[in-house]
Structures are given as C-alpha cells and as structure tokens.
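Worksheet for the structure shown next.
The values are calculated or read from the model by the stated rules, or taken from the named source; none is laboratory data. Quick caveat: nothing in here was measured; it's all calculated off a predicted structure. Neighbour counts are summed over all protein chains in view; Cβ atoms, including those assigned to glycine, are modelled from backbone coordinates with ideal geometry. Only protein heavy atoms, including side chains, enter the accessible area calculation; ligands, DNA and RNA are left aside. Shrake-Rupley method; radii C 1.70, N 1.55, O 1.52, S 1.80 Å.
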Amino acid sequence: MGRSAKLVPLLLALSLIAAACGGNGGEGGGEGGAEEKDATLTFGTSADPVVLDGALVSDGESLRAIDQMFEGLVSLEPGGTEVAPALATEWEISEDGKTYTFTLQEGVKFHDGTDFNAEAVCFNFDRWYNFKGSFQNPSASYYWQTVFGGFSDGKTPSLYESCEAPDETTAILNLTKASASVLAALSLTNFTIASPEALTEYDADEGKVDAEGIFGPTGTYATEHPTGTGPYKFESWTRGESLTMVRNEDYWGEFPGNIGTLIFRPIAEGSARLQALQAGDIQGYDLVDPQDYETIEGDDQLQLLNRPAFNVGYVGFNQKVKPLDDVAVRQAIAHAIDRQEVVDGFYAGQGEVAHEFMPPEVVGYADDVTQYEYDPEKSKQLLEDAGYTLPVEIDFAYPTDVSRPYMPDPQANFEAMVADLEECCFKVEKKSATWSPDYLDNVDNGRYGLYLLGWTGDFGDADNFVGTFFQTEQPAWGFNNQEIFEALDEAEVETDEATREELYQEANRLIMDFLPGLPYVHTKPGLAFTANVSGYQPSPVSLEPFSIVTVE
Amino acid sequence: MLKYIVRRLILTVPILLGLSILVFLFVRALPGGPAIALLGERATQESVEQIEEELGLDRPLPVQYLSYLRNILSGDLGSSVSTRRPIVDELKQRFPATFELAAMAMLFAVAAGIPLGYVAAKRYQGVLDNVSLVASLIGISFPVFFLALLMKYVFAVKLGWLPTVGRIDVTRSLEHPTGFYLLDAIIAGDGEAFVDVLEHLIMPAIALGTIPLAIVARITRAAVLDVLGEDYVRTAKAKGLDPSVVDRRHVLRNAMLPVVTVIGLQTGLLLTGAVLTETVFSFPGLGSWILNAIRFRDYAVIQGGILFFAGMFIVVNLLVDISYAFLNPRIRYR
Amino acid sequence: MSVAEAQAAELSLERPSGLWRDAFDRFRRNPAALVGVGLLLVLIIAAVFAAQLAPHEPNQQVGPLSTNPAGPGGGFTLGLDEQGRDVLSRLLFGARLSLLVGVVSVAIGLSIGLVFGAVAGYIGGWVDTAIMRVMDLLLSVPSLLMAIGLVTLLGRGMVQIMFAVGVTTVPIFARLLRGSILGQREADYVLAARSVGVPGRRLLLGHIIPNSIAPVIVQATLTMATAIIEVAALSFLGLGPGDPSLPEWGKMMADNANRLESAAHLVLLPGFAIVISTMGLNLIGDGLREAIDPKLRS
C-alpha cells in the first residue's frame, strides 16, 4: 500500500538534496551521496531493556529497543493511534469478525537474510500460542495473555485459534470469537515478527528453571541475536552501558533519517540524563523532569519535544477502607483537592486537569461527565450533611523512588494534596513505600485507602484504560458495582464503532458519578534533544522510530 | 606462614556460612516479592501467585535454604529475576568495574594521603600540618554523594572537562576480553581508549577516595609522629646518619604498618561508598547493582552480591594481615 | 567498617585515670576544637529556638506550588521550596531532626555495642569468641548496605531509620570497649583491687568501664557525624524518612538532588548545613582525642 508507493519519489528527492549538500561538504566521506547515513546518535534511556524478545517483555525500555529492530503486521500512524499498514499491506476482516486475512509486503528479508513470508508470520503466532512453563508467566507473556488469553494447553480459553499460510503473501488469523480490539493490539511491539530461523538456531524457547525456581532462558536469541525485519539491526549490548544497533542496509521500507549507528545508554536519573545531554555525552533522552523544561527551552543548543497526552494520573480510593465506601466522602475529597494548582505547579505547563479515567483523544471520551470543581466549602457541607464530624480521618499513600510520565514527582503531588485535604476537612495519615515492589504490592492488595497511581495507554482503545481499571472487582478499588462491570463488558465486545463509542461514553458517565477515584492529570511527557537533531516524531504510546531522525 | 593462611581461610568458612543464613533470612523477610517487581502496574493477585509458585517461594524455608546452599557450593549463584541472567555472568561484568573504581580511589587516597600525612608530621603543628588537617576534615565531613553531585555539576556540566556518566564513551568500539577496561585498552593497544576510560574514572575515584584519603593522611601523620619519637630513630639521628636515609629506612617503613591496616579496613567503606558513587555517575558496578536488587527484590542478586562483597572483604583483610609479615618481621605467624 | 572506627584505631587504649582535668585544659586551648564547639552551638541554638527564629511554620505554604521555586532573595531570605514553603524556616526546624538523628542512632549503637563489648571483654572465653565472630560478620557487610536492608525490612519511620543506622555502629563500639577492657583487665590497679576482694561486678561497673570510656566518647562524637551522613545517604537512595513533610536536612537535600540545575538552593543549603554540623562534630571529636591522648602532647 501507501508506503512503498511513496518511497520512490521520496528517495529521489532525498538523493537530490543529499547530492547538493555533498558537493560542498568536506567531511563525511561516504561514497554515494544518497546513501550517506553514517551519523551516530546516543539516546539516554532510564534503564536497560530486560531482553530483546518482544514476546517476553512488557516494560517500556525493552519495547523501545525492540521497536527499532522489529516490525509487526500493523503499526500505528506515526505520532497517532490509528492503525496503519506495516508488514501487512492490507487486511480484510470477515463478516463474523473471527477471521483476519492479511496481505503481506513482498520482498522483505529478516536481518539474517531469510525471507519474510506468511509462514514466518504463522511460525511466530504458533510460537506464542505454544508457550510452555515459565513462558506462560505473566511477567513474560503479559500482552499475549491480555490480548489472546490462554495457550495451546487449554488451561484458560484462548482467543487465538489458528494461523494459515495459503501462499507466500497471505496470512490468515482465525479467532475463536469476534473481538473489537485485536487489530489495534496487533500494533503492539509484543506482536512483532521474528525470523523463524534465528528463533530456532539461537534457542529462543529454551530455558531452564534452576533449583531456586527462577527461570533463565538458556538460549542466546533474546540477548545476542534478536532478528527482525526493522530498520535497525542488533550490533552489541553491554548491560548498564550501551545497546548498539546499526542501520539495516537491506531495509525494505523508507529510511529517511541518517542515523547509521543508534546507541541506547541507560542513565537512571532524569537530572543525570539532562547533564549528560548538556555535556554532549548523549544527544537525546526520554522522560524529562518538568523542572528541567525551563532549562532546556532556555538553551538554544537543546530542544524539548512533547508527546501527546495519552495517560492519566489519579488518586485511587479503596472502598473497602471506611469511610471511602460512602460516595459523599469520595465527593468531598474530590472537591477538597485543588487539582488545577497541582497541575499548574508541578507539570510546568505540560499537563491538563483530568476529568475522566482516559484522555480526551481516545474514542469513548464523554464531554458531559459530572465534574468536581475545587470547593472546600462544598466538601465540608457534604461531610456534615452525611453526618460526619470534622475532620474525617483517612489514610493516603504515595510511592517513592519513582518517576512516571503521569507523576514525575509523586511526593510533590502528594504533599500538595495532603495540605489541601487537611486544610479543608480531613485528617490524613501519611503513608509511603518504594514504588516497586512494596507500593504496588500494597495497592494491589488493597492495603491503602487513598493512593496515587496512574496509567499510560498501550494502544488507542478505551478498553485499555477504563476496561483495565473497572471491568472486574479489584482489591485496589475495593468495590463491586455490577452496573459498571456490565457496561464495560458490553462495550468491549461491540464491533460497531459508533455504538461502541456511545457505550464507552455512557460507561464514563457512570464511572464519574460513582467516583471510584479522582483522575487529576493528563500530561504531555517530555523528550529532549540537542538542537541538531530533527525529524523525531513523538508518539502517544511512547514508541518512536529513529529511522526517520536526522542528525546534522 | 602457609599454615597461617590456611587456618585463616578455614576460619572464614563459618563466617560465610553464617552470613549466607543471615542474608537468606533477610531476603525472605522482605515485604513484597519479586513477582510484583516484575509486573509493575500490571500486576494482579493471580499473576503474582503464579509467579511465586514458579519461583519456588511457596516451599518451606529450610528446604529453600538447603537447595540454595547446594547451588552455591556447585558454583551456581542462581539467576537475576530482572535481567534473567546468571548471577555469575553479572558478577563477571560488574566486579571489574567496581574493582577498577575502588583501586583508582585507593590509589588516589594513598598517593595523596601518605605524602600529606608525612609532611604534616614532619611539620608538626606548623602551617602545613594545619592545612592537611583541615583538608582531611573537609573530606570526612562531606557526604560522598553530595561531593559527587557537586563535582559532576562543576567539572562535567559547567566546565565540560570530564564526562558525566559511565565507564567509557559508548560510541567507542573496544573489545572487552577482561572486563577491566583499562587493561582492555592496553591489550588493544588503544591509547585513546585508555585515556577515555581514565577520564571516566577520575571523578568517581576522587569522590570515592576522599574519605580514605583523609583517613590515610591522618593515620600516616599519627604513625610518623609515633615513630619519630622512638628511641632507635633518635639514636640513628644522633649517630649522625643522613636524616633522609633514616626517614626512608626506619620512619616510613615502620609507619606503613598502621597505614596498611587502615587501607584494609577501608575496603568495606569503599564498597559502601561505591553504592553512592556508582549511582551518581551511572557507573555499572556492583554497588548500584546490589542497591537495585534490594529495591526490586531480586533475591538471587541480593544473596549472591552480598556474599561476594563479604568474601572480598575477608580476602582483602587476609592480604593485609599477610602483608604485615613483610613490613614487620617481628610478627610471627604460627 | 566506618570512618570513625578507623580513626579510633589511632587511640591508645590504655590510660591512667585522673586525666580528665588535664584533658579539659588541653581541649580548651585547642582552637580547632573550639571552632567545632562553636559550630555545634549554632546547631543547638537553631534547634532549640527554631520556633522563635523561624519566620514561618516549616510546613506552611507561603508561596505558589512550583517545580522551579524562587531562590534566595526576594521576599524570602533563603527562598522557597517546590511546595511554596520557606526554606530558612525548614532549615531551622531541620536542625532539631538532624541533632536527634545523630544522638539517637549513636545512643542505640552505643548501648547495644557497650553491652556486647563489656560482656565479651569481661567474661572472655567462648562467649567472647562467639560475640566477636558475630561482630566480624556484621562488619563484613558494608554499613550502608546493612542500613538499606534494615530500613527495607523495618519500614521508613524516623525511629526505624535511626535504629537501622544505630545498629550498623554496634560492632564498632563493641570492639572498642572489648579492646579497652582487655587492656584494663591486666592493669595493676585491677589486679590489686581483685587481690583485696573487690567483687567482679563492682570492679567492672565502677572501675574498668569508666576507665575504658574515654575512647568511646571520642568515638561516639565522630560516629554521630557519620550517622547524620548515613541518614542523608539513605534519603538519597530513596529510603529516607517516609513522612515527606519532615524538614530533615538529608531528606531535603536528597529530594532535590535533581534540581541542581533548576533550583540549586534546595540542594546546596541543606547540603552545607549537613557539612557544617558534621564538621563541628568531627572537630570536637578530634579535639577530644588529642586532649585525652597524652601521646599526642607535644
């Protein structure tokens, strides 16, 4: 489809520009002007990837790296959340919604030189479906389980039925039932296609469980030989130091950028990444601390980019903890917190106050949910009318040792909110724990009353937000509201887009009346680059190709 | 001598065994578990239970300990939950980093500390003495990470003299046959790489070496003062021996004894300091590794890492004791 | 192993009694020690009169919330923090906490260490061996790692943190006192007292411990400085006091370590407050040591 059609004129234009520039440029020394793609870019990440096998990871840093080297059947529009062609040029969904027929891109080769074709696609799907033992561990195959459910052993039902390869360029995916979100989910980096030969040769599915019970992959596929079809291929990886990728010379698609060597360098602290950028040790980094926005924007050697707001930060209420089971108390909390002040103060102009548990960009967002403006007097009134004596005692927790796009500085948010709550009509017992695992453990087991948390979307679907939170009873929320559960169930399987949107809007209205928590912010997470980098296209789901980036 | 070493080595066995039990119990007593750490926001109760079962965390403690001990003895320290790599591989990569850092820090401390202390003692209560006392005082009073942060800000960010993070310029391709980057650079005969690695070591080593520097200076001063007052030194000088020869032959040599002790004792401190320094400079060594393991409940790493730390500490102290014999023949080993 | 212990290695363990007056005179004539006393006095005054000296409450919001708060000058002498609170006021109130941290952790380490040391040194034999092996074991784990472990285990209240830091100093004091007692045990006056039938317990509490205590006091002063630094280090590693509003210096500095570029005063001011207090304690410790160690007399 579109991609390859556009390729020729674009390359032509590029080669003309490059030739014109090459004429008077002294350095570089490449042979062909158009092929001059020998720039190096070092990008500061917050951590090492775990492993480089998309099927086995769920953390952002692994996905970021895998995304440069692998491609799936479909992808998202650059900078958006609309599904776009990738290895599949087009697709057809059967009437009953259970059969997906993909037409594949021709002439694509994996990094090891083997052919990409329908059999390779089915090989990958079958591999995922046949995961055994520790590969079924949710920390490994989280996204398979989220999207497709169970495995071939049949312990839990699976959405996946089979994959057929009638010819080289046609892959047919059969599902056990209709699903509205499968296509969008296939854009996830977790479902990118790897070389069957490399998977086999480097024992991608081999592993052993040691006496401690800890699973360790024994194969070297995911650490030394990740092999996809993407614009970059794996070169070397020294943990804690650098992951180096080089341009795939035989890449089938467009490669408009000029970065021939791409290095990901883990630097844990945001401020340390900024310093490395200022000192020239790196040329770009992700997850900029809001307090550094001003510094970056004020420095003409640097530039700040922002991703669209595709997340939500919220105060969770656990209704198992009294008096949070009383909707009047929840409303009083909502009116007592000055969300605008928090967002203005701590998000350096890159945040907006949230009124729902999903960002406005996602289909299903309702414009007319109940809103809770800052009004401490109203809080007092609500509490007194419900028969409470002020101040009402509640407990409230925040995580330490963490910075998330939706809460770059949890402690600052927490302190400001506590101050608001105490000023109005509550007495707050302050709690905290290190993010991972203590804090998350406590939240998931319902050990806190109020707590700070949030979510960044994986793909552009309402189910990925409100469905994750409220479709079943969860200890973190501590409520059992069948009306909401059913509304979300119904919306999830609806395949008609307009109806689906209405159903989700209705669900959002229900949710915000019930007020299971208080969403307070959608942010536009920041990325920083040196001024000579251009073409980077921030994406809502935080995965951006470097093959379109140019360094001067 | 050999017998002494063997006896010392045997004595370390109960210590290591006791430590392995302590560390094992500590790890099991920690709240939460690796399962949640693995899953992050996406954890559900179900998935957590599944992982714990897989990790064998539902077995009785003694059973878990014994199987753990059996593995250690066979040289298998387990695998890291977060990187899914064997601990032994991780150690191979991270030990050289920390060793290089600690060695440079110690080199700095000794190379600057001994002359400083010596001069201070020779000019007892003079200006130089006071200057060196104040300098060492400042060294001791600064929190390591505060010093590291300030140095990094001034020398790397503002002045741009030194790199801010890491062990090496990552765009440089250098083979790492040994993992000791300085050594690797020499093997490769790559002078530029050697300088690059050295530049990456300067600030972390100074930050880490400041406290040992201060202590070495103080101890040298005290020791030299002691020795200067000894009869045999006075006698030698009274007999008209060249004072510089007396200094070299008697004073420094005898003063080295307490200094060596302190250097040995400082190893533990260096390892502690390494946790902080490595964090500030994103230096991929043992300190930051174990810190993260404790944060993220990486059981095998905590256990393997702390045992390794302790083992190193014991070995260094043994070396210190042995070096006594060379410095002071009066000490006999039975 | 800690800074303080290594320093104490310099101390001579044996000393005749009755030197306290002399020591005090020597201390008084040592200018460095007096500077230390001066610094500590400033700290104590700040701690005691924080409420009177501070222009605001430590947790009162007097300016806007901001990721880039105003620095010193303007309406607020030492600027504001991200919650719009007055930094000067927080520093003054923080002096209380820092002093508390130093004193309490050392008190914990000291009392446990002294019991172990005294028992080991006085009883001797296998009890001594057992206790000292355990101390060796504790010493073989870097103190900060041990503190991190304990805090992870016990939680992040101020009490738990002070306990964790205190525990890491136990082996230092135990070893020191044991060594001291071993030295005293064979001293002439002890042998004499024993020969005239002074009971063992009275001998230990009435004579041996008091005579062994001088190096312990020096050590305690120096350890107090390390304790303050160690708590700051815990904060830096994200394991500091759980209550975010506490104006503890280490926590204030560590929380803002990432603002060196955007709001340097939030890092530097508490940082130097810590340096000043540890410097004061170290100067006093040094002065005390020189005062009670006749060997260093010129």
Within region A:269-331, considering only strands (runs of 3 or more DSSP E) that don't extend past its boundaries, which have at least 3 residues that are modelled with pLDDT of 95 or more and away from chain C (no Cβ under 14 Å)? A:311-317
Quick check on residue A:57: is it modelled with pLDDT under 85, within 17 Å of the chain's Cα centre (by Cα) and buried (at least 19 other Cβ atoms within 10 Å of the Cβ)? yes
Select from region C:244-259 the residues that are farther than 23 Å from residue B:153 by Cα and either in a helix (DSSP H, G or I) or touching a residue at least 12 places away in the same chain (Cβ under 8 Å) (or both) and list them in ascending order. C:245, C:246, C:247, C:248
Please work out if residue A:262 is touching a helix residue (DSSP H, G or I) at 6+ places or on another chain (Cβ under 6 Å) and either under 15 Å from residue A:526 (Cβ atoms) or in the same structural domain as residue A:110 (by TED's automatic domain parsing) (or both). no
Mind checking which pairs have a first residue in region B:104-126 that is at positive phi and a second that is modelled with pLDDT under 85, Cβ under 9 Å, 6 or more apart or different chains? B:125/C:298
Residue that is most open to solvent (accessible area, probe 1.4 Å), among those in region A:264-276 that are under 16 Å from residue A:242 (Cβ atoms) and among the aliphatic types (A, V, I, L, M): A:268
In region A:333-350, residue surrounded by the fewest Cβ atoms within 10 Å (Cβ to Cβ) [restricted to those that are more than 12 Å from chain C (Cβ to nearest Cβ) and aliphatic (A, V, I, L, M)]: A:337
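One line per residue, one yes/no per condition, for (1) in contact with a Phe, Trp or Tyr (Cβ under 7 Å, 6 or more places away or on another chain); (2) more than 30 Å from residue C:34 (Cβ to Cβ); (3) not in a helix (DSSP H, G or I):
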site	(1), (2), (3)
B:77	no, yes, yes
B:94	yes, yes, no
B:114	no, no, no
B:130	no, no, no
B:136	no, no, no
Out of curiosity, is residue A:513 in contact (Cβ under 8 Å) with a residue 24 or more places away in the chain, among the acidic types (Asp, Glu) and open to solvent by less than 30 Å² (accessible area, probe 1.4 Å)? no
Residue ID - nearest to the other protein chains (Cβ to nearest Cβ), chosen from residues in region A:195-218 that are at pLDDT 65 or above and not in a loop (DSSP other than H, G, I, E, B): A:207
Restricting attention to region C:119-140, does a residue exist that is surrounded by fewer than 20 Cβ atoms within 10 Å (Cβ to Cβ), in contact (Cβ under 8 Å) with a residue 60 or more places away in the chain, in contact with a Gly (Cβ under 6 Å, 6 or more places away or on another chain) and not acidic (Asp, Glu)? no
So, in region C:226-238, exactly how many residues are within 7 Å of another protein chain (Cβ to nearest Cβ) and either β-branched (Val, Ile, Thr) or open to solvent by less than 20 Å² (accessible area, probe 1.4 Å) (or both)? 5
Meets criteria (touching a strand residue (DSSP E or B) at 6+ places or on another chain (Cβ under 6 Å), in the same structural domain as residue A:479 (by TED's automatic domain parsing) and surrounded by fewer than 23 Cβ atoms within 10 Å (Cβ to Cβ)) for residue A:371: no
Please work out which residue is nearest to residue B:218 (Cα to Cα), limiting yourself to region B:79-110 and to residues that are of a type in the set (Val, Ile, Thr) and either surrounded by fewer than 20 Cβ atoms within 10 Å (Cβ to Cβ) or over 14 Å from the mean Cα position of the chain (by Cα) (or both). B:110
Would you be able to say whether some residue in region B:131-146 is closer than 21 Å to residue B:316 by Cβ and within 12 Å of another protein chain (Cβ to nearest Cβ)? yes
Given (1) over 20 Å from residue B:264 (Cα atoms); (2) within 14 Å of another protein chain (Cβ to nearest Cβ); (3) open to solvent by 40 Å² or more (accessible area, probe 1.4 Å); (4) not aliphatic (A, V, I, L, M), where does residue C:163 come up short, assuming only one miss? (2)
Near pairs, Cβ below 7 angstrom, 6+ apart or cross-chain, from region B:14-39 (away from chain A (no Cβ under 14 Å)) to any residue that is open to solvent by less than 50 Å² (accessible area, probe 1.4 Å) and at pLDDT below 75: B:15/C:140; B:19/C:140
Residue satisfying all of: in region C:273-289; more than 10 Å from chain B (Cβ to nearest Cβ) and in contact with a Phe, Trp or Tyr (Cβ under 8 Å, 6 or more places away or on another chain); modelled with the highest pLDDT among these: C:273
The correct count of residues that are in contact with an Asp or Glu (Cβ under 6 Å, 6 or more places away or on another chain) and open to solvent by less than 10 Å² (accessible area, probe 1.4 Å) in region A:404-427 is 1
Residues that are at pLDDT below 95, part of a loop (DSSP other than H, G, I, E, B), in the same structural domain as residue A:107 (by TED's automatic domain parsing) and aromatic (Phe, Trp, Tyr): does region A:225-239 have at least one? no
Counting only residues in region C:61-80 that are under 16 Å from residue A:338 (Cβ atoms) and facing another protein chain (nearest Cβ under 9 Å), the one surrounded by the fewest Cβ atoms within 10 Å (Cβ to Cβ) is identified as C:64
Could you say whether any residue in region A:475-482 is within 25 Å of the chain's Cα centre (by Cα), within 12 Å of chain B (Cβ to nearest Cβ) and surrounded by fewer than 18 Cβ atoms within 10 Å (Cβ to Cβ)? yes
Considering only region B:173-246, give the helices (runs of 4 or more DSSP H) lying wholly within it that have at least 1 residues that are in contact with a Ser or Thr (Cβ under 7 Å, 6 or more places away or on another chain). B:181-188, B:191-228
Quick one: would you say residue C:190 is under 29 Å from residue A:433 (Cβ atoms) and open to solvent by less than 20 Å² (accessible area, probe 1.4 Å)? no
Scan region B:272-286 for residues that are touching a Phe, Trp or Tyr at 6+ places or on another chain (Cβ under 9 Å) and within 12 Å of chain A (Cβ to nearest Cβ) and jot them down. B:278, B:279, B:280, B:285, B:286
Mind checking which pairs have a first residue in region C:260-276 that is in a loop (DSSP other than H, G, I, E, B) and a second that is at pLDDT 95 or above, Cβ under 7 Å, 6 or more apart or different chains? none
Restricting attention to region B:150-172, which residues are among the basic types (Lys, Arg), part of a helix (DSSP H, G or I) and open to solvent by 20 Å² or more (accessible area, probe 1.4 Å)? B:158
